[in-house]
1. Label residue 79 and residue 15 with points 7 Å out from Cα along Cα→Cβ: what is the distance between them in nm?
2. How large is log10 I(q)/I(0) at q = 0.11 Å⁻¹ when the Debye formula is applied to the Cα atoms of the chain, each weighted equally and without solvent?
3. Arrange the peptides 58-68, 100-110 so that the one whose residues have, on average, the most other Cβ atoms within 10 Å appears first.
4. Convex hull over the alpha-carbon atoms of the stretch 65-104: what's its volume per residue in Å³?
5. Mind listing the Cα extents of the stretch 1-63 along all three principal axes, in Å, largest one first?
6. Could you sort the peptides 87-98, 36-47 by per-residue average Cβ neighbour count (10 Å cutoff), highest mean leading?
7. Sequence gap at least 6, Cα distance under 8 Å: using those rules, report the relative contact order of the chain to the nearest whole percent.
8. Between residue 43 and residue 26, how many nm apart are label points set 7 Å from Cα along the C-beta direction?
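Computed from the coordinates by the stated procedures, all read-outs in this text should not be read as laboratory data. Note that the structure is predicted; figures quoted are calculated from it, not measured. Cβ atoms come from the backbone with ideal geometry, glycine included; neighbour counts cover every protein chain shown.
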């Protein structure tokens, strides 16, 4: 179970350090955003998005989830029109469970529960 994996990693200082190192290696030095050839409007939108979203923390968390569990869950929050991503959130993999797949093998939703909060993360129509 995911909680058992985390517990075992946290109990062993060497293993925890190695797992952190592995996630950081996977993460690398992060992403670099080059808006030097973008229009002023695009540059402002990128800057606004980066101010509202802690992408280094997001990507490091996703890297850790991949290293520990082999999958990661992200939630995209769209604007009211549904035309632009305004928020990018990571849901901790140890709190996520997949709904049973349908006959064609498609998983219709991901369940997320973190003690005091629980959510049903349903994909948008395909």
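1. Placing both labels 7 Å beyond Cα along the Cβ direction yields 4.7 nm.
2. Log10 of I(q)/I(0), two decimals: -0.53.
3. Top to bottom by mean Cβ count within 10 Å: 58-68, 100-110.
4. Hull volume normalised by residue count: 120 Å³.
5. 50, 19, 15
6. Output ranking for 87-98, 36-47: 87-98, 36-47.
7. Worked out over the chain, it gives 17 percent.
8. Each label point is offset 7 Å from its Cα along the Cβ direction, giving 3.5 nm.
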